[in-house]
1. What ranking do M250, M63, M192 get, fewest neighbouring Cβ atoms within 10 angstrom at the top?
2. Within 10 Å of each residue's Cβ, count the other Cβ atoms and sort Y245, Y160 from fewest upward.
3. Which of A204, S27, G93 sits closest to the plus end of the dipole of the chain, meaning its Cα is farthest towards the positive end, when Lys and Arg get +1 and Asp and Glu get -1 on the C-beta?
4. Using Cα springs under 10 Å in a Gaussian network model of the chain, which residue among S28, S171, S37 shows the largest mean-square fluctuation?
5. Counting only helical runs of four or more DSSP H residues, what would the 222 nm mean residue ellipticity of the chain come to if each run contributes -39,500 (n - 2.57) and the total is spread over all its residues?
6. Between W20 and residues 5 or more places away or on another chain, which pairs have amide H atoms under 5 Å apart, with H built 1.01 Å from N, and which residues are they?
7. Normalised by the residues of region 80-189, what does the relative contact order come to in percent, with Cα pairs under 8 Å and at least six apart?
8. Only one of the values (i) 13.5; (ii) 15.9; (iii) 14.8 was calculated from this structure for mean projected area of the Cα convex hull in nm²; name its label.
Amino acid sequence: MGSSPLTAAASQGQDIKLVWILDDIASSDVLVARNGSGVNSWKDLAGKKVATPFVSTAHYSLMVGMKLNGVDTKGVNVMNMRPPEIAAAWERGDIDAAFIWDPVMSKIKRNGKAVATSGDVGKLGYPTFDGLVVNAKWAAEHKGFVVALIKAISKADADYRANAAKWTVTSPQVKAVAKWTKADEKDVPEAMAQFIFPDNAAQASATWLGGGAAKTLANTSAFLKEQGRLQEVKPDYNAFIDMSYLREAMK
């Protein structure tokens with residue numbers, strides 16, 4: 001799950017652990033403005049209709065991005081829509097912009113342009129990520145499976161990092177991604193390139209499971225509480241991170 005819904009679940013006391021960073025979302029969540037909307041920058045969002053799925057990483061990046069760029073969020077009509085609803089609203093001309101991910105992002109960009117990305121917000125100290133999250137009790141009882149899964153994902157990530165140029169529209173990998181995500185095959189290579197897939201060393205470093213992920217969760221919890229989406233902020237989000245499975249996988 002994304003770092004924003006993960007924060008919500010952890011803050012509500014769910015018995016969960018983050019065991020692997022699936023990806024640094026980097027520039028894969030995108031603020032797309034409709035052609036002719038007059039939106040060319042963050043400040044142009046004033047008075048506009050902007051759609052995003054609430055409590056998602058895209059919602060987090062949208063709201064933080066506006067705040068960092070001096071945009072009064074009360075003056076922007078931020079609308080809670082799921083990805084398919086965003087696509088439909090875009091087709092009808094009901095919204096001026098959307099902060100969303102693929103496959104919807106690539107589709108609406110055909111009649112719009114990217115104004116900003118989650119990567120832009122991340123560079124200012126507010127990154128987002130997708131993580132592999134487990135039920136703590138279940139994972140402890142099935143440690144061998146969790147370790148094997150991390151090894152398999154790590155191997156697949158390494159293969160992609162080494163051979164990204166070979167992931168073309170005609171490759172079986174791209175066809176598989178398109179099948180399972182319902183994306184157009186021609187959009188997959190570019191979409192994949194927007195993510196960063198940390199290797200084992202990066203996973204264990206202070207950037208991610210060794211501290212950075214907990215910091216992201218803490219920042220996100222403060223945001224969600226400010227938005228009225230959370231009642232409580234936990235004092236330490238490191239309690240929801242377990243590197244033991246990664247350490248075992250690295251042996």
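The numbers here are math on the coordinates, done by the rules we state, and not lab data. Source: prediction; values computed, not measured. Reconstructed Cβ throughout: ideal geometry from the backbone, glycine too, with neighbour counts over all protein chains shown.
1. Numbers: M250 15, M63 22, M192 19.
Sorted ascending by nearby Cβ count, the order is M250, M192, M63.
2. Working: Y245 24, Y160 15.
Ranked by crowding around the Cβ, least crowded first: Y160, Y245.
3. G93
4. S171
5. Numbers: 12 runs with 110 residues, N = 251.
That comes out to -12500 deg cm²/dmol.
6. Result for W20 returns L132.
7. Computed over region 80-189, the figure is 21 percent.
8. Identified label for the calculated read-out: (i).
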